[in-house]
Amino acid sequence: MEYEAVIGLEIHSELKTKTKIFCGCKTTFGAPQNTHVCPVCLGLPGVLPVINKKVVEFAIKAGIALNCTINKFSKFDRKNYYYPDLPKNFQTSQFDLPIAEHGYVDIEVDGKPKRIRITRVHMEEDAGKLVHSGNTIKDSSSSNVDYNRTGVPLIEIVSEPDMRTPEEARAYMEKVKAILEYIDVSNCKMEEGNLRADVNVSLRAKGTEKLGTKAEMKNLNSFKMVENALTYEIDRQEEVLEDGGHIVQETRTWDDGKGITISMRTKEQAQDYRYMPEPDLVPIVTTDEQIEAIKKTLPELPDARKNRLIKECGLSSYDAGMITNSRAMAEYFDEVVNKGADPKLAANWIMGDLSKQLNAEDKTIEDSPVAAADLAKMIKLIENGTISSKIAKKVFGEMWKTSTDPEIIVKEKGLVQITDTGAIEKIVNEVISSNPKPVADYKNGNAKSIGFLVGQVMKASKGKANPGMVNKLLKEKLTQ
Amino acid sequence: MKVSKKDVENVAVLSRLKIADDKMDKYLEEFNNFLEYVDVLQKVDTENVKPTAHVLPLQNVFREDVIKPSLDREKALANAPEKENGYFKVPRIIE
Amino acid sequence: MDLHKKSAYELHNMLAKKEVTAVELAEAFLRRIDNLDGKLHAYITKTADLAMAAAKKADAQIAAGEKISFLTGLPGAIKDNICTEGTKTTCASKMLENFVPPYNATVMEKIGKENPVILGKTNMDEFAMGGSTENSAFFPTHNPRNLSCVPGGSSGGSAAAVAGGLAAWALGSDTGGSIRQPASFCGIVGMKPTYGRVSRYGLVAFASSLDQIGPLTRNVTDCANVLNAIAGYDERDSTSIKADVPDYTKSLVEDVKGLKIGLPAEYFVDGMDKEVADSVHKAIADFKAMGAEIVDISLPHTKYAIAAYYLIAPAEATTNLSRYDGVSYGARVDGEDIVEMMTNTRTAKFGNEVKRRIMIGNYALSAGYYDAYYLKALKMRTLVKEDYDKAFQKVDVILTPIAPTTAFKLGSIINDPLQMYLQDACTVPLNLAGLPGISLPCGVSSTGMPIGMQIIGKPLDETGIIKAAYTYEQSKDFHKNIAEVSE
């Protein structure tokens, strides 16, 4: 039977506020254990939460950017479950009246556009960190708790089960990340857990409507993990179903090292969160005016930027999509173009050599040793004929290694293209006289042999002769 | 009987409490007496009544995003039943 | 000089006039605690050293000619569910037997500015759940009017301390009557302010939407003065009201002429002692004689208030008390794994009544029962509140009994939880509606036990009920009727 996967994502994103959601403790990452804690986030007897205004502002911003409706009346609730990283044994979250609902983002996979609906965006507090004495939680005889992350503000973005492939899931998460980066509400540092996804997936016979039983994988904090875990899980479920088995509704752990998902102990009792309105907090009421005011502060979002690059810069949809998927990359691109470089060349270089190098050295564009201004300069050197595209690759290599101004590299290494007609003519004459056979071939009508002669001229000039001029001069001489 | 022994056991799990076997009968009786009593509420039609979770007409109470001092770690850990290297220590976690 | 028989106001004036020193006062009260607390068990933790240090500081302030505040040098007691930095705050629970808060409740900071002499932390029903102080995990408190009777609860330790002359004033907390009922049982004055009037920050939560801190004092004058010290907006409590705090002592005037007092028939519940009902009716007649207008009103949903309260309060309590799990503070009983450790800890360290309410709360919130119980109770809360809203369109204050009986014997109903809950019929409706209420003596039973009445006000109208209570008090001698506990 042919199956179809049905995938939904819950993306948790830490917001980049200075302080926690309900107290004045710092949110900075990497502090020594249990030093960013106070009676409130430790959940001591008698403490009360007070909402950080910035959290609400950021959540509304995210809601708008994700095309949601902002709920004019929103409130917090207590989600009750016991876990040692949760000091109160309830998470202050939102249940029936989240800050935003009914949104969507548009993604594109293999050139095919698709709209993924967003069910809701709600605010909540993050939990603490558990450090285990053994290799995994299960083989540890004890665990240690650090509450520094407890109370760091989160938004949870819940999608509808609209994705059908791991690639779509990845594209969706990339798009959400891009949007959160653009509106500057989250650092989105996935390695620090700023952005992570709970992924659920079920299979059904292709062409049918009824949803199958789903499995959930929690806390996946890279795009690759999301894609790999889903690929594995879809295969696993398909095998189970093909063998006539049933899928058990459960949470599974993705073991990134082994590349497999593992069943966690299924709970005898279905989780009952016993939500109740948070009596220590009062409702959040938002007016149209406030929403409009926040809307005005939003920057150009990825989709708009992509369309602008297609329209104004003549980029292909694919190139424009790739560049705008990261705010930093889009800004880099804009800077290169603003400094006078041809947009198409800029896109080619950014997505070509630059991206290749970044990936190879696991760097982000923010850490690129090649500054946007320098790349623009280099592209202009190509455009004005100072260097050839081929030479440019050498120049770029130098720029990457030494972060040097390309003009200096070209000058110091003597890479300036030879555009002096006299100098080129001299080499052309030498090549013609030392290659009588190809010259005769050309004259006898074999147009192809000019390619060989051009190559010889380039070789003799050490690649510096302007290829256009070489071509032109050769043709002139041979037809004389 | 509105609730069974099984119901009480389920609620006990949700409460992280254990009810001793020899106390179960009394527990059940009390629980059911209580539920019978609160059934008076069912006599009142509340179809069109809005629930009141807060008596105060307060809304939008916020604090500014301003850093306040945290506790010294010593103080934060002072009441811990068990600690280790600046952490709170807990027994084995089985998910 | 029987210093312990004097009101806080009298003692304050003596301090100000240098007729007594704060150290003398502190010593007198500490001596009384030493001699009598073995009989009353009003205190869980005594803080003699801190008290003496504060007293010396107060004397220095007075000697330096500083203008002193009402509470300066005045010996008082704090219910043991109000967090005191550096001093154990146990909530009368084995769970927090050794818990020392690293922070002060807002009320402690507020009164701290006046430099009072804190004698200790008082006994209570565990986590404030109960109406007799018999649910303390440590020992029951005895009523200073009759040692075989309960002092009421849950603020029974605070009430007994004030009534027995073991403190000049005290703070308590009131979730369903926990200040007003023990005040009534011990023959003193107790007030539950409007929800949001006094910060709850640092009050160990029982039921967050109902809890409120308030004073227990010898008389209405003391009540107004202590309320002055604790009332006001607090940015750390999101449910705190941002409204100016009047000087409550300005309401200490004798004037009820034209005051419209509502009398709800529903509060004279089945099973109410005739003596209690008679005393309240007598008080109503007295008010009328003083020029007040008595208006019969109806609060028809009163009879559902207990059921609503005993679903809402446990539901909130169950989540508030989830944090006591043996992980980062409080008691721990070991177990094989985390779940077992948490379960063992909670099973061993919570008392029966607390466990009962946690169970009820979780049942009411659990899947499938939420609408029938919790949501239904929240809707009933709306109806109870609307009853008051309607009544207050016609009247200025409402006068009712406090409890169906006077203080009952220790051990008499502790094993019948439902019977115990029914004692709260007159007090819980105010908490559901968030209204202020004052409890003050209005009679003495044939067995010599105090009888109290309750005056209920509109939101933030503490001034109105203080005025009515003061007028009545001044026309009688009940506040001069001091409990005699012999040393």
Just the residues that are open to solvent by 10 Å² or more (accessible area, probe 1.4 Å) and under 23 Å from A:Ser326 (Cα atoms), please, taken from the range A:380-402.
A:Trp400
Tell me yes or no: at least one residue of the range A:367-379 is β-branched (Val, Ile, Thr) and surrounded by fewer than 21 Cβ atoms within 10 Å (Cβ to Cβ).
no
Residue count for the range A:7-29, restricted to those that are part of a loop (DSSP other than H, G, I, E, B), over 18 Å from the mean Cα position of the chain (by Cα) and within 14 Å of another protein chain (Cβ to nearest Cβ)
10
Take the range A:28-39 and flag every residue that is open to solvent by 10 Å² or more (accessible area, probe 1.4 Å) and more than 25 Å from C:Thr239 (Cβ to Cβ).
A:Thr28, A:Phe29, A:Gly30, A:Ala31, A:Pro32, A:Gln33, A:Thr35, A:His36
From C:Thr141, C:Thr175, residue being assigned to a loop (DSSP other than H, G, I, E, B), under 21 Å from C:Thr406 (Cα atoms) and within 14 Å of chain B (Cβ to nearest Cβ)
C:Thr175
Matching residues in the range B:79-93 (within 25 Å of the chain's Cα centre (by Cα) and facing chain A (nearest Cβ under 7 Å)) number 6
Pairs where the first residue, in the range C:31-55, is closer than 18 Å to C:Ser155 by Cβ and the second is of a type outside the set (S, T, N, Q) and part of a helix (DSSP H, G or I), C-beta under 6 Å, 6+ apart:
C:Leu40/C:Ala160; C:Ala42/C:Gly157; C:Ala42/C:Ala160; C:Ala42/C:Ala161; C:Tyr43/C:Asp37
So which of C:Gly232, C:Gly214, C:Gly258 is in contact with a strand residue (DSSP E or B) (Cβ under 7 Å, 6 or more places away or on another chain), touching a residue at least 12 places away in the same chain (Cβ under 8 Å) and either aliphatic (A, V, I, L, M) or open to solvent by less than 10 Å² (accessible area, probe 1.4 Å) (or both)?
C:Gly214
Could we say that C:Asn123 is closer than 25 Å to C:Ala53 by Cβ, in contact (Cβ under 8 Å) with a residue 60 or more places away in the chain, in contact with a Gly (Cβ under 7 Å, 6 or more places away or on another chain) and buried (at least 24 other Cβ atoms within 10 Å of the Cβ) here?
yes
Entirely in the range C:384-483, the helices (runs of 4 or more DSSP H) that have 2 or more residues that are farther than 19 Å from C:Gln212 by Cβ and touching a residue at least 24 places away in the same chain (Cβ under 8 Å)
C:417-422, C:462-474
I'd like to know if the range A:282-291 contains one or more residues that are open to solvent by 30 Å² or more (accessible area, probe 1.4 Å), under 30 Å from A:Ser389 (Cα atoms) and in a helix (DSSP H, G or I).
no
Can you find a residue that is within 20 Å of C:Phe185 (Cβ to Cβ) and more than 9 Å from every other protein chain (Cβ to nearest Cβ) anywhere in the range C:381-400?
yes
Looking at A:Glu209, A:Glu242, A:Glu191 in this structure, which one is open to solvent by 40 Å² or more (accessible area, probe 1.4 Å) and in contact (Cβ under 8 Å) with a residue 60 or more places away in the chain?
A:Glu242
Can you name the number of the only condition in (1) in a loop (DSSP other than H, G, I, E, B); (2) surrounded by 24 or more Cβ atoms within 10 Å (Cβ to Cβ) that A:Arg78 fails?
(1)
Residues (within 17 Å of C:Tyr310 (Cβ to Cβ) and either in contact with a Pro (Cβ under 8 Å, 6 or more places away or on another chain) or surrounded by 22 or more Cβ atoms within 10 Å (Cβ to Cβ) (or both)) located in the range C:330-354
C:Glu353, C:Val354
Just checking, how many residues over the range B:45-78 are more than 8 Å from chain A (Cβ to nearest Cβ) and surrounded by 14 or more Cβ atoms within 10 Å (Cβ to Cβ)?
7
Looking for whichever is surrounded by 21 or more Cβ atoms within 10 Å (Cβ to Cβ) and either of a type outside the set (A, V, I, L, M, F, W, C) or in the same structural domain as A:Gly212 (by TED's automatic domain parsing) (or both) here; the options are A:Glu14, A:Glu2, A:Glu10. Which one fits?
A:Glu14
For the range C:286-294, indicate whether the set of residues that are β-branched (Val, Ile, Thr), touching a residue at least 40 places away in the same chain (Cβ under 8 Å) and within 27 Å of C:Val384 (Cβ to Cβ) is non-empty.
no
Total residues in the range C:235-255, condition of a type in the set (S, T, N, Q), without any contact (Cβ under 8 Å) to a residue 60 or more places away in the chain and either over 30 Å from A:Val40 (Cα atoms) or open to solvent by 10 Å² or more (accessible area, probe 1.4 Å) (or both)
1
Of A:Ile179, A:Ile157, the only residue that is away from chain B (no Cβ under 14 Å) and part of a strand (DSSP E or B) is A:Ile157
Give the residue that is nearest to C:Glu316 (Cα to Cα), with candidates limited to residues of the range B:21-38 that are more than 7 Å from chain C (Cβ to nearest Cβ) and open to solvent by 50 Å² or more (accessible area, probe 1.4 Å).
B:Glu36
Identify the single condition in (1) surrounded by 14 or more Cβ atoms within 10 Å (Cβ to Cβ); (2) closer than 22 Å to C:Cys223 by Cβ; (3) acidic (Asp, Glu) that C:Glu27 does not satisfy, given that it satisfies every other one.
(2)
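Quick grid of which residues meet (1) more than 9 Å from chain B (Cβ to nearest Cβ); (2) in a strand (DSSP E or B):
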residue: A:Leu42; (1), (2): no, no
residue: A:Val56; (1), (2): no, no
residue: A:Lys61; (1), (2): yes, no
residue: A:Leu97; (1), (2): yes, no
residue: A:Gly103; (1), (2): yes, yes
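The values are calculated or read from the model by the stated rules, or taken from the named source; none is laboratory data. Source: prediction; values computed, not measured. Ideal geometry is used to build each Cβ from the backbone, glycine not excepted, and the neighbour counts take in all protein chains shown. Accessible surface is based on the protein model in full, side chains and every heavy atom, while ligands, DNA and RNA are left aside. Shrake-Rupley method; radii C 1.70, N 1.55, O 1.52, S 1.80 Å.
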